[in-house]
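A quick write-up on the structure given underneath.
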Amino acid sequence: MTVADSDEERLRNQIEELVARRDYDAALRFAVREADHAYGRQRYAQGIDVLKALIQLLKDQQVVLWNIYIGACQKIVGLDNQLGDKSATIRDLIELSRYCIKDGDFDKALAAGNSAVSIDARSTDALNQKARVLAYRRDYAQAYKVLDQSL
């Protein structure tokens with residue numbers, strides 16, 4: 001086991017402990033703080049891993065607190081940008097948009113969808129997500145136009 005592996009395991013265990021205690025806000029704060037530390041050391045992928053571990057633990061526990069998912073996803077998107085990984089950024093913006101829809105924040109969902117499309121205007125996944133948000137907003141004419149672009 002390398003130092004990085006043991007550090008990752010320690011962080012995961014701390015997040016698991018907070019989630020087990022149902023202290024979800026503290027788990028998010030801890031994961032964001034650790035991601036910020038990783039950012040400071042220019043270890044963006046490590047920061048992403050910590051945040052994704054939190055999301056996975058919440059999913060495993062069937063925790064439905066969309067604001068926690070949204071906060072973690074927003075941080076992941078920022079780290080993706082630092083890595084310069086456009087496909088990961090698009091994927092995570094789409095996931096952020098989905099969580100915003102579940103939270104009922106269609107404006108934020110559309111902003112995330114628009115951001116994904118602005119990175120790659122030919123990404124069918126990004127275009128489809130944007131169309132989905134527009135449909136939720138009952139803007140069917142725009143949704144149709146975006147789906148037509150996707151095709």
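The values are calculated or read from the model by the stated rules, or taken from the named source; none is laboratory data. Everything numeric in this text was worked out from a predicted model, so none of it was measured. We place every Cβ from the backbone using ideal geometry, glycine too, and count neighbours over all the protein chains shown. Keep in mind that these areas ignore ligands, DNA and RNA; they rest on the heavy atoms of the full protein, side chains included. Shrake-Rupley method; radii C 1.70, N 1.55, O 1.52, S 1.80 Å.
Before moving on, here are some points about what is shown:
- The phi torsions of region 140-147, fed into the Karplus equation with coefficients 6.51, -1.76 and 1.60 and a -60° offset, translate into couplings of 5, 5, 5, 4, 4, 4, 5, 5 Hz, rounded to whole numbers, with Gly and Pro shown as x.
- Around the Cα centre of region 1-148, unit charges on the Cβ atoms of Lys, Arg, Asp and Glu (plus for the first two, minus for the last two) sum to a dipole of about 460 debye.
- For Glu9, the solvent-accessible surface computed with a 1.4 Å probe is close to 90 Å², ligands and nucleic acids excluded.
- Phi to ³J(HN,Hα) by Karplus 6.51 cos²θ - 1.76 cosθ + 1.60 over region 13-28, Hz, x for Gly, Pro: 4, 5, 5, 4, 5, 5, 5, 4, 7, 6, 9, 5, 4, 5, 5, 5
- The protection proxy used here, the mean number of other Cβ atoms lying within 10 Å of each residue, ranks peptides 100-107, 128-135 as follows, highest first: 128-135, 100-107.
- Max mean-square fluctuation residue, GNM over the chain, Cα-Cα springs under 10 Å, options Arg138, Arg12, Arg33: Arg138
- Between Val32, Val63, Val77, the Gaussian network model of the chain with springs among Cα atoms under 10 angstrom shows the greatest mean-square fluctuation at Val63.
- Using 0.36 nm per residue and subtracting the Cα-Cα separation, the extra length available between Gln61 and Ala121 on full extension is 18.0 nm.
- Taken over the chain, the percentage of Cα pairs per 10 Å bin, counting from 0 up to the bin with the maximum distance, is 12, 37, 31, 15, 4, 0.
- Using a Förster distance of 30 Å, the FRET efficiency for Gln149-Leu83 (Cβ separation, nearest 0.05): 0.65
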